[in-house]
């Protein structure tokens, strides 16, 4: 079944799980698929205490290549298999309701791993990209997480002023250059002495998170980050 037609077909037929196409009720992902990704892709141990990634050897390659300005990052899942499919359906196929599932899993991680957080901030996308996509996936996640936790969400202060190329097509070196001076704070003193949680859907190299964290830290915030998923790091 082509996913683009699924919302229309749901009007005349029972909804199907977006991952396996088995019937579901009042949700997008069936219990079997939820259990499968929790069993096979959830990150619960043997992860880097700084970036939250899974790695082999004695030293995290992601942290070796980038000095991170955030206190630490944690991610719910490894970015692979059905988790990757969830992210792609959410961002590109406009399954906005997946923000409920994504934020719900983040809420569990937030309660387990983090100190008291004063404000949630989504990693902003450029207005041009937001218009093209029709929404900001990070804003949807942050607002849902705010409603689940009661933590204030600020979607206006940190903005993206540079319309960058897609990070996915670039080398690590190009990514750093691509994001240089990409972010700006409207009210720089707003987050002074605050525990800030930056929110994104996926971490790859971590450079996007780091550039946003730098500007917040520069103005007195203590910055933590969280993502729904984290990719296996490749020395690009």
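FYI, it's all coordinate maths here, none of it is from the lab. Predicted model only: the values in this text are computed from it and were never measured. Because the Cβ atoms are built from the backbone with ideal geometry, glycine has one as well, and the counts that use them run over all protein chains shown.
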Does anything in the stretch 133-163 have its amide N under 20 Å from the 7 Å Cα→Cβ label point of residue 114, and if so which residues? 136-160
Angle check, please: helix 81-92 long axis (alpha carbons) against the longest principal axis of the chain (alpha carbons), in degrees 0 to 90, nearest 10. 80 degrees
To the nearest whole percent, what portion of all C-alpha pairs in the stretch 7-81 is separated by more than 18 angstrom? 56 percent
Residues in the stretch 117-155 that a label on residue 96 would reach, taking backbone N under 12 Å of a point 7 Å out along Cα→Cβ: 134-137, 139-141
Quick one: pull the percentage of alpha-carbon pairs in the stretch 45-230 with a separation above 28 Å. 17 percent
Which of 160, 74, 129 moves the most in a Gaussian network model of the chain with Cα springs under 10 Å? 129
Directionally averaged shadow of the stretch 5-135, computed from the convex hull of its alpha-carbon atoms, nm²: 10.4 nm²
Compare 206, 220, 52 in a GNM of the chain, Cα atoms joined below 10 Å, and give the one with the largest fluctuation. 220
Angle check, please: helix 98-113 long axis (alpha carbons) against the longest principal axis of the chain (alpha carbons), in degrees 0 to 90, nearest 10. 50 degrees
If I model a spin label as a point 7 Å beyond the Cα along the Cα-Cβ vector, how far apart are those points for residue 130 and residue 34 in nm? 3.1 nm
Among rounded, prolate and oblate, which fits the stretch 39-107 when a ≥ b ≥ c are the square roots of the eigenvalues of its C-alpha gyration tensor, a/c under 1.5 means rounded, and a/b larger than b/c means prolate? prolate
